[in-house]
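Have a look at the structure below, then the notes.
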Amino acid sequence: MNLLELARANPQATQAGVPEWMLGHFRRRTISFFDGRSDERTQVHWLQSRTFTIDLRLPDAAPPPVRAWQDYSTEELRALANHEGWMADSIWRDGQLGWEGGVSLQTHNRWPEPAILHRVGNCMIEFAPSGAYVEDWRLQATGGPLIGLRLIEERDAETGALLHLGGGLILCGEYAGWVHGRPDELADAPGTLRDRVAALQGDAGALAAIFDCETSLAKRDAAGHYRIALSTLPAQIGQILNLDGFELRSNGTLRQQLIRRDGRVLVRTFEIDTLEPDWQPAPSSPSTSQAEAWFAAEGETLGRYLTALS
């Protein structure tokens, strides 16, 4: 069964998790640092299900070409090693959002601080408690499905071999985020992912293993397929997220069976976070009656150039 059809037939939403105003797909417009400088160019997307987050951060540049791993140059490997993509449990406590567990391409936590979040209209502002930075996020979703699935594991249907462990899928309106974890934890080693990759240049097997962790953002095309537009793995760009072959099991998990392009049959097992076929985000936020009266009274000047920024 197609995942969207399954969600319509079996809608369910957990009552736990983050506040309603935090749900959906947000794009970062800017990050401003304590030194007075700002970045408006890095491509950053945040997809929020009820109890977990998917995050993707890529440079504003053409992705490195698709090559055999042993053929990448030093500069191309460094660019790939600077990509950021992860999923983690969302912990909302005392007005701050933190993240725990999950899987990540990076081997160290580049963003260790929790988030102090405030939402005004379609704008969600994130403050670092230390004052290191502030981020301006804009809601992208206009409605449609909100589906959150945690990937427990992916196995070869014939041999039972474990291919991927951990990850997740969030569908939010016209966009979808997908995280595919490595089958095994990387061995402890000093340095960052950049350091490890630099030391492995030319070693196809080792590089394939270290980069075997994908985060992708897909957008729904005219035919209704979710086609990957951004990814930590350049080879995935243009590919379609396969949403067919799902079944709801008696234990409440989802099972997906799919056939890869090379003919290999895969079985994925998911834990359901939420299945909401007709979720509707709020593009505005609550305000006081006094504030609304002020806005109306001063509308001649306040409304001169108003537009919805995304």
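The values are calculated or read from the model by the stated rules, or taken from the named source; none is laboratory data. Every value quoted in this text rests on a predicted model; they were computed, and no experiment measured them. Quick reminder, even Gly has a Cβ in these numbers, built from the backbone with ideal geometry, and neighbours come from all protein chains shown.
What tally of residues in region 178-197 results from selecting those that are assigned to a loop (DSSP other than H, G, I, E, B) and among the basic types (K, R)?
In the first step, residues of region 178-197 are kept if they are assigned to a loop (DSSP other than H, G, I, E, B); the result is 181-192.
Add one more test, that the residue is among the basic types (K, R), and what stays is 182.
The number of residues fulfilling the criteria is 1.
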Residue in region 227-250 that is at pLDDT below 95 and loosely packed, with under 15 Cβ neighbours inside 10 Å present: yes
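Which residue, of P59, P64, is out of contact with any Cys (no Cβ under 8 Å at 6 or more places or on another chain) and exposed (fewer than 14 other Cβ atoms within 10 Å of the Cβ)?
On the way: P64 fails: exposed (fewer than 14 other Cβ atoms within 10 Å of the Cβ).
Exactly one of P59, P64 is out of contact with any Cys (no Cβ under 8 Å at 6 or more places or on another chain) and exposed (fewer than 14 other Cβ atoms within 10 Å of the Cβ), namely P59.
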Criterion (within 30 Å of L258 (Cβ to Cβ) and of a type outside the set (S, T, Y)) met by exactly one of G144, G98, G131, G121: G144
Lone unmet requirement of (1) touching a strand residue (DSSP E or B) at 6+ places or on another chain (Cβ under 8 Å); (2) at pLDDT 95 or above; (3) within 23 Å of D212 (Cβ to Cβ); (4) not aromatic (F, W, Y) for P63: (2)
Those residues of region 163-200 which are free of Cβ contacts under 8 Å to residues at least 60 places away in the same chain, of a type outside the set (A, V, I, L, M, F, W, C) and closer than 20 Å to N109 by Cβ, in sequence order: H180, D184, E185, D188, P190, G191, D195
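Could you tell me whether region 46-56 includes any residue that is closer than 30 Å to S250 by Cβ, under 14 Å from the mean Cα position of the chain (by Cα), in contact (Cβ under 8 Å) with a residue 60 or more places away in the chain and surrounded by fewer than 18 Cβ atoms within 10 Å (Cβ to Cβ)? Spell out how you get there, then give the answer.
Pass one, region 46-56, residues closer than 30 Å to S250 by Cβ: 47-54.
From the residues that got through so far, the ones that are under 14 Å from the mean Cα position of the chain (by Cα) too are 47-54.
Remaining after also requiring in contact (Cβ under 8 Å) with a residue 60 or more places away in the chain: 47-52, 54.
Now narrow it down to the ones that are surrounded by fewer than 18 Cβ atoms within 10 Å (Cβ to Cβ): 51.
Checking region 46-56: at least one residue is closer than 30 Å to S250 by Cβ, under 14 Å from the mean Cα position of the chain (by Cα), in contact (Cβ under 8 Å) with a residue 60 or more places away in the chain and surrounded by fewer than 18 Cβ atoms within 10 Å (Cβ to Cβ).
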Identity of the residue in region 97-117, free of Cβ contacts under 8 Å to residues at least 24 places away in the same chain and aliphatic (A, V, I, L, M), that ends up nearest to A187 (Cα to Cα): A115
Failed criterion for A141 (all others in (1) closer than 26 Å to L3 by Cβ; (2) out of contact with any helix residue (DSSP H, G or I) (no Cβ under 9 Å at 6 or more places or on another chain); (3) modelled with pLDDT of 95 or more; (4) buried (at least 18 other Cβ atoms within 10 Å of the Cβ) hold): (3)
Filtered residues of region 172-208 (kept if surrounded by 14 or more Cβ atoms within 10 Å (Cβ to Cβ), in contact with a Phe, Trp or Tyr (Cβ under 7 Å, 6 or more places away or on another chain) and over 21 Å from D55 (Cβ atoms)): L207
Qualifying residue in region 60-81 (condition: touching a residue at least 60 places away in the same chain (Cβ under 8 Å), assigned to a strand (DSSP E or B) and aliphatic (A, V, I, L, M)): no
Inter-residue pairs, beta-carbon under 7 Å, first charged (D, E, K, R) and in region 137-149, second part of a loop (DSSP other than H, G, I, E, B), 6+ apart: R138/N122; R138/L309; R138/S310
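Among the strands (runs of 3 or more DSSP E) confined wholly to region 198-253, which include 1 or more residues that are in contact with a Leu (Cβ under 9 Å, 6 or more places away or on another chain) and β-branched (V, I, T)?
Details: elements: 214-220, 226-231, 246-248.
Per the criteria, 214-220, 226-231.
Given the condition out of contact with any Phe, Trp or Tyr (no Cβ under 8 Å at 6 or more places or on another chain), in a strand (DSSP E or B) and buried (at least 16 other Cβ atoms within 10 Å of the Cβ), answer yes or no: does some residue in region 258-265 qualify?
At the first step, the residues of region 258-265 found to be out of contact with any Phe, Trp or Tyr (no Cβ under 8 Å at 6 or more places or on another chain) are 258-265.
Among the residues that remain, those that are also in a strand (DSSP E or B) are: 258-259, 265.
Then drop every residue that is not buried (at least 16 other Cβ atoms within 10 Å of the Cβ), which leaves 258.
There is at least one residue in region 258-265 that is out of contact with any Phe, Trp or Tyr (no Cβ under 8 Å at 6 or more places or on another chain), in a strand (DSSP E or B) and buried (at least 16 other Cβ atoms within 10 Å of the Cβ).
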